[in-house]
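Structure first, then comments.
Please treat every number below as a calculation from the coordinates, not as lab data. These numbers were taken from a predicted model, which means no experiment stands behind them. We place every Cβ from the backbone using ideal geometry, glycine too, and count neighbours over all the protein chains shown.
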Amino acid sequence: ISTGDDCVSIGQGTTNINVHNVTCAPGHGISVGSLGKYQDEKDVVGVTVTNCTLRNTTNGLRIKTWADSRPTQASKISFQDIILDAVKNPIIIDQSYGSKDKSKPPSQVKISEVNYKNIRGTTISVVPVSLQCSAKVPCEGVKLEEIDMSFVGSEKKKAAFGNSCLNAKITTVGKQIPPACAV
């Protein structure tokens, strides 16, 4: 799939969906959301993404919710056996999607039970894992297992290579390159 937007977009109300064997190049990656923008949105439960390859995409595996959103939830989401090649934002949870205004109330979309397993490849970003969760409903049950990302950007920026987490309760298993956020 080549596009100027999300290669795969999993929207509100989605339950028990499997996405597998997708190659995305270029595009905005595979996204759950955006969630929480409209009244009466339904929960997203049971998303499995496996054996996918993303090349030269803006994002890799993304969950995005609006700031000042309506209460809903996204849970039981699994990303496994994913290859990322020169991806800008490989693993990202963004709970203030669409807003640069930090004074807006935080997202009320509850994100839980999210697993990233055997995610490997290269990134042009110094922050390969960015979990920016809501202060009102922090992410819970985020598991990072066997994450192996190499930086292929500018040598000057390589020293800053690391992950960023805010309001995220995570566990880690196995290899974590770069090291996972402190918990």
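Things worth noting here:
- For the stretch 81-87, Karplus couplings with θ = phi - 60° (6.51, -1.76, 1.60), whole Hz, Gly/Pro x: 6, 10, 10, 10, 10, 6, 8
- Extension gain, residue 2 to residue 75, is 23.5 nm, computed as 0.36 nm per intervening residue step minus the present C-alpha separation.
- When only Cα pairs below 8 angstrom with a gap of at least 6 residues are kept, the chain shows a relative contact order of 17 percent.
- Cross-link pairs beyond the 20 Å C-alpha cut-off, checked among 110/175; 37/136; 64/175: 110/175; 64/175
- Nearby aspartates and glutamates by direct alpha-carbon distance to residue 158 (threshold 16 angstrom, same-chain neighbours under 8 apart not counted): 148
- Annotation: extensible slack from residue 140 through residue 103 equals 10.9 nm (criterion: 0.36 nm per residue apart, minus Cα-Cα distance).
- The stretch 101-131 versus the stretch 58-83: alpha-carbon centroid distance in Å: 7 Å
- Cβ charges +1 (Lys, Arg) and -1 (Asp, Glu), total dipole of the stretch 25-183, debye: 340 debye
- Ranking 79, 177, 103 by Cα position along the charge dipole of the stretch 67-183, where only Lys, Arg, Asp and Glu carry charges on their C-beta atoms, puts 103 farthest toward the positive end.
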